Amino acid sequence: MVFWLGILAGALFAWLAVRIGFYETWTMLFNIIISIYLAIFLTLVVTDIIPAAAEISCGNALTLIAIAIGTFLVLHGISYTFFTGQFKVPFPKIFDMLFAGLLGFLAGFLVLSFIALLICTTPISQNNFAKDIGLSRPAQQANISYICWWCDLVSSIVSSPENRTSTQQVIDELLTSEQPKPKPKPSEPQPDNPDEPNAPKSTIGKETTLLVSHRSLRA
């Protein structure tokens, strides 16, 4: 179900892209890709620096969305101030309709895939209803693979091969760190004699000691 919602979101973004044009749509897609890339790769860094961010409920999800929205707003402000708000690049109408629509569809599917990933990092994904509609990790593999493709493309440009970490590994760590930890078992009472845990307690030694002491006093 979530996959088809992604298709619907892509169609909605495609309609919007046809209205605003290829130049603005390409800028929007670029900003979305960079925002999601930084959110995924910086979340674990932020939670390591600020442990309180990881200790709260849905800490990874809140950090992901905060970085993504903050980065997108900064990039959108910069692009509007220096590019899209200053001049417009004209393209043929058929070019705007076809290629702008395609980029809009890719952007819409990417946004909804990221939203689904956010939900998968929260306890909501463990709910039976969420699993039924496809908001579980196995059901989201297609959307996660789509996110990984874009983020790995960015990594191939901005990082060297020897220092490159795959997006799939980072997402796996994000999802694993949010899994509920098993509760520790209550500690069992330790026996008096660790070498013989099942040996019954005996008072023979104490009685012998008292008997010897009593005879000594009589003597």
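All of the numbers you see were taken from the coordinates with simple rules; none came from a lab. Everything numeric here is computed off the predicted structure, so don't read it as measured data. Every residue, glycine as well, gets a Cβ built from its backbone with ideal geometry; the counts of neighbours run over all protein chains shown.
Key figures
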quantity: Checking VAL74 against (1) loosely packed, with under 15 Cβ neighbours inside 10 Å; (2) over 25 Å from ASP152 (Cα atoms), the condition it does not meet; calculated: (2)
quantity: Checklist (1) free of Cβ contacts under 8 Å to residues at least 40 places away in the same chain; (2) in contact with a helix residue (DSSP H, G or I) (Cβ under 8 Å, 6 or more places away or on another chain); (3) of a type in the set (Lys, Arg) applied to LYS93, failing item; calculated: (2)
quantity: Selection within segment 17-70 - outside any helix (DSSP H, G or I) and free of Cβ contacts under 8 Å to residues at least 12 places away in the same chain; calculated: ILE50, ILE56
quantity: Matching residues, segment 39-53, being crowded, with 18+ Cβ neighbours inside 10 Å and over 14 Å from ILE171 (Cβ atoms); calculated: THR47
quantity: Residue check for ILE115: aliphatic (A, V, I, L, M) and either under 25 Å from VAL46 (Cβ atoms) or in contact with a Phe, Trp or Tyr (Cβ under 8 Å, 6 or more places away or on another chain) (or both); calculated: yes
quantity: Single residue of ILE124, ILE94, ILE147 found to be of a type in the set (Val, Ile, Thr) and within 22 Å of SER166 (Cα to Cα); calculated: ILE147
quantity: Index of the failed condition, LEU135 passing every other in (1) in a helix (DSSP H, G or I); (2) more than 20 Å from PHE30 (Cβ to Cβ); calculated: (1)
quantity: From SER166, SER177, SER159, SER145, residue being polar (S, T, N, Q) and under 24 Å from GLY10 (Cα atoms); calculated: SER145
quantity: Residues being crowded, with 21+ Cβ neighbours inside 10 Å and within 26 Å of the chain's Cα centre (by Cα) - total across segment 11-28; calculated: 2
quantity: Count - residues of segment 1-16 that are outside any helix (DSSP H, G or I) and over 23 Å from GLN141 (Cβ atoms); calculated: 0
